Amino acid sequence: MRVLGIETSCDETGVAVYDGADGLLAHQLHSQVDSHAIYGGVVPEIASRDHIRKLAPLVEAALAEADCDGSAIDGVAYTAGPGLVGALLVGASLGRSLAWAWGVPALGVHHMEGHLLAPRLEPDPPDFPFLALLVSGGHSMLVAVEGLGRYRTLGQSIDDAAGEAFDKTAKLLGLPYPGGPALAELAAGGRPGRFDFPRPLTRKPGLDFSFSGLKTAVAYALRDAPDEPGLAADIARDFEQAMVDTLALKCRRALRQTGLKRLVVAGGVGANRRLRAALAELAEGEGVSLHFPRPAFCTDNGAMIAYAGYCRLAAGESVGPEISVRARWRLDELKPPGDALGC
Ligand code: ATP
Ligand code: MG
Ligand code: FE
């Protein structure tokens, strides 16, 4: 079965073709970062309009890259939520309509299920069950994944998401949007150990996260430290370390608590090099295997939607003729498809 996947939940337009026998045949991405950067964040109306402009040409480019046309597509998957409603509607409208025109089933995919399954596109795909650390712009979650659509949330952020904490802290440091990668780059030149930032909620039992206090600690450090060259880099370095330590500690706790033997990391913050290194060390120490998507598939992309859509479409799941999207949609509301094939 060959599936066209469409991602438009936020500020990336992604289109991909995934084939059950041949794997990923094409993936195309247009990032809107430049359109939103001057506003310091994503402007929903600009996002919707840009998806409208870029989506159809990207579908054509993806089909050309896969060396096929619509007649070779057996199903269409699009992100149906959570995300910006206007942006989601662009992908859902085109995806649903193409499926209608081609006479094939369509499916609305949960964006976080896409992130969660993305490591399974890589050469050493994790088998079920596994523990997933999902750290993106809008989510920070630890999830026990028993199979496709069988997700149990073990912990989540009670305030800012991990990516949001990176972005807000980057803004405090005067870095351009999106802040995560810029902060990581600045941190690489910083001296460690100057600031003792908190590791929130690590002394209490439990697997929830809280990152807003960490951001406030950075604001105080900026206010109180003497303004000298390298200050921003030193703060970035210790902030990044506090984030990494906190995430790694909760992963260790969740692994020990669940006894799961595979750790999967996904979402934009999963592209962070220091986090990847810390988790590699943790996995080795705990005797578990570690699985990441390639950095380009940590952030939003069409490939993860094509793949998650394939898994469910191949099991016989599809939607009716309506076009519907959801701004909010909890991951553990998902169910396995009736007749799960080997995804
Ligand atoms: P969600 O998936 O929760 O709806 P989103 O789609 O906006 O949110 P992603 O695209 O998965 O989020 O990830 C983007 C986030 O990842 C941003 O907050 C960005 O700053 C962060 N990020 C990307 N690269 C890095 C990095 N190298 N280090 C730290 N953070 C990063
Ligand atoms: Mg994005
Ligand atoms: Fe995302």
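The values are calculated or read from the model by the stated rules, or taken from the named source; none is laboratory data. What you see is a predicted model; the values in this text were computed from it and never measured. We place every Cβ from the backbone using ideal geometry, glycine too, and count neighbours over all the protein chains shown.
Counting only residues that are of a type outside the set (Val, Ile, Thr) and more than 16 Å from ligand 3 (Cβ to nearest atom), give me the strands (runs of 3 or more DSSP E) lying completely in the stretch 68-159 with at least 2 of them.
The strands (runs of 3 or more DSSP E) meeting that bar are 106-110, 130-135, 140-147, 150-156.
Condition (residue is in contact with a Ser or Thr (Cβ under 9 Å, 6 or more places away or on another chain), of a type in the set (A, V, I, L, M, F, W, C) and within 19 Å of residue 317 (Cβ to Cβ)) applied to the stretch 109-123: is it met by at least one residue?
Yes, the stretch 109-123 contains a residue that is in contact with a Ser or Thr (Cβ under 9 Å, 6 or more places away or on another chain), of a type in the set (A, V, I, L, M, F, W, C) and within 19 Å of residue 317 (Cβ to Cβ).
Could you check residue 171 against (1) in a loop (DSSP other than H, G, I, E, B); (2) out of contact with any Asp or Glu (no Cβ under 8 Å at 6 or more places or on another chain); (3) of a type in the set (Lys, Arg) and say which number it fails?
With respect to (1) in a loop (DSSP other than H, G, I, E, B); (2) out of contact with any Asp or Glu (no Cβ under 8 Å at 6 or more places or on another chain); (3) of a type in the set (Lys, Arg), residue 171 is out only on (1).
Can you find even one residue in the stretch 69-83 that is of a type in the set (A, V, I, L, M, F, W, C), at pLDDT 95 or above, away from ligand 2 (no atom under 16 Å from the Cβ) and over 19 Å from residue 315 (Cβ atoms)?
Yes; the residues of the stretch 69-83 include at least one that is of a type in the set (A, V, I, L, M, F, W, C), at pLDDT 95 or above, away from ligand 2 (no atom under 16 Å from the Cβ) and over 19 Å from residue 315 (Cβ atoms).
For the stretch 254-269, check the following and say yes or no: at least one residue is within 16 Å of ligand 1 (Cβ to nearest atom), part of a helix (DSSP H, G or I), farther than 15 Å from residue 170 by Cβ and modelled with pLDDT of 95 or more. Working first, answer last.
Initial filter on the stretch 254-269 (within 16 Å of ligand 1 (Cβ to nearest atom)): 264-269.
Next, only the ones that are part of a helix (DSSP H, G or I) stay: 268-269.
When the remaining residues are screened for being farther than 15 Å from residue 170 by Cβ, the result is none.
No, the stretch 254-269 contains no residue that is within 16 Å of ligand 1 (Cβ to nearest atom), part of a helix (DSSP H, G or I), farther than 15 Å from residue 170 by Cβ and modelled with pLDDT of 95 or more.
Give the residues of the stretch 1-26 that are of a type in the set (Ser, Thr, Tyr) and more than 16 Å from ligand 1 (Cβ to nearest atom), sorted by residue number.
Once the filter is applied, which keeps residues that are of a type in the set (Ser, Thr, Tyr) and more than 16 Å from ligand 1 (Cβ to nearest atom), the stretch 1-26 yields only 18.
What are the residue pairs meeting all of these: first residue in the stretch 286-315, first residue assigned to a loop (DSSP other than H, G, I, E, B), second residue away from ligand 2 (no atom under 16 Å from the Cβ) and modelled with pLDDT under 95, Cβ atoms under 7 Å, and 6 or more apart or on different chains?
Between residues of the stretch 286-315 that are assigned to a loop (DSSP other than H, G, I, E, B) and residues that are away from ligand 2 (no atom under 16 Å from the Cβ) and modelled with pLDDT under 95, the close pairs are 315/337; 315/338; 315/339; 315/340; 315/341.
Give me the residue from the stretch 199-215 that is over 15 Å from residue 164 (Cβ atoms) and touching a helix residue (DSSP H, G or I) at 6+ places or on another chain (Cβ under 9 Å) and, out of that set, surrounded by the fewest Cβ atoms within 10 Å (Cβ to Cβ).
Checking each candidate, the answer is 205.
Can you tell me which residue is nearest to residue 181 (Cα to Cα) among those in the stretch 28-57 that are among the acidic types (Asp, Glu) and loosely packed, with under 13 Cβ neighbours inside 10 Å?
First, the residues of the stretch 28-57 that are among the acidic types (Asp, Glu): 34, 45, 50.
Restricting the remaining residues to those that are loosely packed, with under 13 Cβ neighbours inside 10 Å gives 34, 45.
Numbers: 34: 15, 45: 24 Å.
Among those that are among the acidic types (Asp, Glu) and loosely packed, with under 13 Cβ neighbours inside 10 Å, it is 34.
Just to be sure I understand, how many residues within the stretch 16-51 are among the hydrophobic types (A, V, I, L, M, F, W, C) and more than 30 Å from residue 314 (Cβ to Cβ)?
7
Restricted to the stretch 14-44, and to residues that are among the polar types (S, T, N, Q) and free of Cβ contacts under 8 Å to residues at least 60 places away in the same chain, which residue is farthest from ligand 3 (Cβ to nearest atom)?
35
Can you find a residue in the stretch 236-244 that is closer than 23 Å to residue 166 by Cα and touching a His at 6+ places or on another chain (Cβ under 9 Å)? Walk me through how you get there before you give the answer.
Filtering the stretch 236-244 down to residues closer than 23 Å to residue 166 by Cα leaves 236-244.
From the residues that got through so far, the ones that are touching a His at 6+ places or on another chain (Cβ under 9 Å) too are none.
The answer is no, given that none of the residues of the stretch 236-244 is closer than 23 Å to residue 166 by Cα and touching a His at 6+ places or on another chain (Cβ under 9 Å).
Among the residues of the stretch 259-286, what is the count of those that are aliphatic (A, V, I, L, M) and either surrounded by fewer than 16 Cβ atoms within 10 Å (Cβ to Cβ) or more than 16 Å from the chain's Cα centre (by Cα) (or both)?
Of the residues in the stretch 259-286, 7 are aliphatic (A, V, I, L, M) and either surrounded by fewer than 16 Cβ atoms within 10 Å (Cβ to Cβ) or more than 16 Å from the chain's Cα centre (by Cα) (or both).
I need the full set of residues from the stretch 218-231 which are closer than 30 Å to residue 281 by Cα and either in contact with a Gly (Cβ under 7 Å, 6 or more places away or on another chain) or not in a helix (DSSP H, G or I) (or both), in order please.
Result: 230, single match.
Could you please find all residues in the stretch 197-224 being farther than 25 Å from residue 133 by Cα and in contact (Cβ under 8 Å) with a residue 12 or more places away in the chain?
Those that are farther than 25 Å from residue 133 by Cα and in contact (Cβ under 8 Å) with a residue 12 or more places away in the chain: 219, 221, 222.
Condition test on residue 289, is it surrounded by fewer than 18 Cβ atoms within 10 Å (Cβ to Cβ) and over 22 Å from residue 141 (Cβ atoms)?
no
Among the residues of the stretch 133-188, write down those that are acidic (Asp, Glu) and under 18 Å from residue 113 (Cβ atoms).
Across the stretch 133-188, the qualifying residue is only 146.
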